[in-house]
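Each value in this text was obtained by applying a stated rule to the coordinates, not by laboratory testing. Since the structure is predicted, the reported quantities are computational estimates derived from the model, not experimental observations. FYI the Cβ positions are ideal-geometry reconstructions off the backbone, even for glycines, and counts take in every protein chain you see.
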Amino acid sequence: TRRNTPDSGTQTLDRTTTQRPRLYRVLLINDDYTPMDFVVMVLERYFRKGEQEAELVMLAVHHKGRGVAGVYTREVAETKVAQVTAHARQDGYPLMLVAEPEG
Ligand code: TYC
């Protein structure tokens with residue numbers, strides 16, 4: 001719906017529906033070298049998991065090859081991937097993460 005406010009001269013659009021952003025899964029990928037404790041720390045610090053959930057997710061990735069660390073809007077998901085990748089490289093680990101769109 002178009003609307004003209006009295007004095008701004010700016011047209012705005014009023015909509016009755018709300019747009020929600022596309023969400024992205026951040027996936028952790030298994031490898032043979034990154035220590036389990038590092039992955040658990042990543043899940044706690046960057047993905048705000050509790051200790052037990054972090055351990056479960058890490059073990060699931062270790063056994064199945066990949067798993068969801070968290071679900072975020074695109075910018076947040078890409079930032080998590082970049083921050084965690086940088087931290088892993090600093091510590092000399094090859095940990096891999098990817099962001100993929102949901103649905
Ligand atoms: N497989 C690793 C090990 O045995 C642990 C690990 C889990 C690494 C999850 C990466 O995304 C990962 N030390």
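Numbers below:
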item: Highest-fluctuation residue, GLN83, GLN19, GLN52 considered, GNM on the chain with Cα pairs under 10 Å; result: GLN19
item: Nonlocal amide H pairs with ARG66, under 5 Å, H built at 1.01 Å; result: ASN30
item: Proxy reagent accessibility, fewest Cβ within 10 Å first, across MET58, MET96, MET36; result: MET36, MET96, MET58
item: For segment 20-101, diffusion coefficient by Stokes-Einstein and Kirkwood Rh (Cα), 10 °C, 1.306 mPa s, µm²/s; result: 127 µm²/s
item: Choice from THR73, THR12, THR34 with maximal GNM fluctuation in the chain (Cα, 10 Å cutoff); result: THR12
item: Footprinting exposure proxy for ASP14, ASP31 (fewest neighbouring C-beta atoms within 10 Å first); result: ASP14, ASP31
item: Chain lengthening between THR10 and GLU100 when straightened (0.36 nm per residue, less Cα-Cα); result: 28.7 nm
item: Cβ-based exposure ranking for LEU43, LEU56, in which fewest neighbours within 10 Å come first; result: LEU56, LEU43
item: Relative contact order (percent, whole number), the chain, Cα cutoff 8 Å, 6+ residue spacing; result: 38 percent
item: GLN90 paired with HIS62, simple spin-label distance in nm, labels 7 Å along Cα-to-beta-carbon; result: 2.4 nm
item: In order through segment 14-25: 3J(HN,Hα) via Karplus (6.51 cos²θ - 1.76 cosθ + 1.60), integer Hz, x for Gly, Pro; result: 9, 10, 8, 10, 10, 7, 10, x, 4, 9, 10, 7
item: Degrees, to the nearest 10: 36-45 long Cα axis against longest axis of the chain; result: 20 degrees
